[in-house]
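Before any comments, here is the structure.
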Amino acid sequence: MQLVFSDAQYWEGFLPLTFTRPVAEMRCGILTFSERWKKLLGTEEISFLSEKYLEEKFPRPQEKESLFLVPNFLPTERILTQIRNLKPGEALVYENELIAAHIHMKDFSLNQIEKMTDLEDEPLIFRQPTDLFSFNDKAVDFDFSLLTKGRQSQELSETNGFLGDSEDLFIEEGAIVEFATLNTKSGKIYIGKNAEIMEGCHLRGPIALCEESKFNMGAKIYGATTVGPHCKVGGEVNNIVMFGYSNKGHDGFVGNSVIGEWCNFGADTNSSNLKNNYASVKLWNYHKKRFLDTGLQFAGVIMGDHAKTAINTQLNTGTVVGVAANIFKSGFPPNLVENFSWGGMKGDEKFKLEKALEVAEKVMERRHVPLTEADKNIIKYIYNAY
């Protein structure tokens, strides 16, 4: 049956991360929300109810029998059973919000729903960007169990130091780990297919290093941290989520942050995650068009896709960086760096669209990923609309 992922009321709340993707395509734990639900429900057929400008890349549902799902939560076993047992015309709700429904997409309407049932358990719902790192420990644990159940890990080389329970470490085929230290006492460590942990790295779980990604020599990685596929990470990081295809390859600190795809941190880029007065951190909210208190004492940077920082960039606590922004001027940039900013300071000119597309194409080409017409059209829309 077709899975239909709905952005519902959450899409704007996750900007700038969702400027370039539906909510279901964000990563947390080891998997994206869509990957997780495909595994949980045993289907590969997915579609999206999202913003119209994203439809070329993330297709709308076909007119057929479907399971409608708000994807940004972790279910319990009882909730999973409820979802699997939904019959046509039935729906599940939580706090008066529709969570899942068995409906036909030919005439998508809530009028199809004949019976609504409350969830039997409380789900872990991700409502804002900071939730992706705040709840990442729970997501890593959830995905670790989902991906490794009944499977055998590759052996850890004897050149490494290890603390903890061996059942909390899983190394996929082709991964390379030599002369590093790994500690699973505080959380599980998952090392993806063909990933590499270079000499001198220190890892303290929970950590997920996804397929084809690398921890560069001497990296210090504190959990709960997720590094998505095809990334390079060096220096020191603490409790970050990196979606994929992004680099923080050099010394410098980033903590309590979420980084989109195709981003690059110049050498010695540092992001503060704690204010000098230890007050709770405010972050820019695109929907409310103002800074809102997160209630968190630790919050670093939320960075949209294709953003870049120059060497020695210093980012304030609670900085939001828009899509394809380039930060290279001296001094601390403001806590909101606008989409396509050329320099990073308030009032700076916009990165020219044709140049932004040219850079994106070159960056993606290095990883043998094409910049498709759909990708270009999404970037053009964001450039003109936001």
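A short reminder: the numbers here are calculations on the coordinates, not readings from a lab. Everything quoted here is computed from the prediction, not taken from an experiment. Please note: Cβ atoms are built from the backbone with ideal geometry, for glycine as well, and neighbour counts cover all protein chains shown.
Extending 7 Å from the Cα toward the beta-carbon at both H250 and R290 defines two label points whose distance is 3.9 nm.
Where the eigenvalues come from the Cα gyration tensor of the stretch 68-159, what are the semi-axes √(5λ) of the equivalent ellipsoid, largest first, in whole Å?
Values: eigenvalues 220, 52, 27 Å².
Here the semi-axes work out to 33, 16, 12 Å.
Please work out whether the stretch 1-50 counts as rounded, prolate or oblate from its C-alpha gyration tensor, where a ≥ b ≥ c are the square roots of the eigenvalues and a/c under 1.5 means rounded, while otherwise a/b larger than b/c means prolate and anything else oblate?
Working: a/c = 2.65, a/b = 1.50, b/c = 1.77.
Cα axes put the stretch 1-50 in the oblate bin.
Using the Cα gyration tensor of the stretch 14-135, with a ≥ b ≥ c the square roots of its eigenvalues, what is the shape: rounded (a/c below 1.5), prolate (a/b larger than b/c) or oblate (neither)? Working shown, then result.
Numbers: a/c = 1.67, a/b = 1.15, b/c = 1.45.
Oblate, because a/c is 1.5 or more while a/b does not exceed b/c.
Here the simple spin-label model places points 7 Å from the Cα toward Cβ, and for M116 and K185 these points are separated by 4.9 nm.
Rank the residues H368, H287, H250, H230 as a footprinting-exposure proxy: fewest other Cβ atoms within 10 Å of their Cβ go first. Please list the in-between numbers first.
Values: H368 7, H287 12, H250 16, H230 21.
Listing H368, H287, H250, H230 from fewest to most nearby Cβ atoms yields H368, H287, H250, H230.
Of all beta bridges that DSSP places with both ends in the chain, some 20 percent have antiparallel geometry. Here K220 and K38 are evaluated by their C-beta separation; at R0 = 25 Å the FRET efficiency comes out at 0.15.
Can you work out the FRET efficiency for the pair K380 and E349, with r the C-beta to C-beta distance and R0 = 25 Å, to the nearest 0.05?
On the way: r = 18 Å, r/R0 = 0.72.
Using R0 = 25 Å, I get an efficiency of 0.90.
Rg and Dmax over the alpha-carbon atoms of the chain stand at 20.8, 62 Å.
Only Cα pairs under 8 Å and 6+ residues apart enter the sum, and on that basis the relative contact order of the chain stands at 11 percent. Let me know the shape class of the stretch 241-328, please: from the alpha-carbon gyration tensor, a ≥ b ≥ c as square roots of the eigenvalues, rounded when a/c is under 1.5, otherwise prolate if a/b is greater than b/c, or oblate. Note, shape of the stretch 241-328 comes out oblate.
A simple spin-label model places the labels of A267 and V369 2.6 nm from each other, with each point 7 Å out along Cα-to-Cβ.
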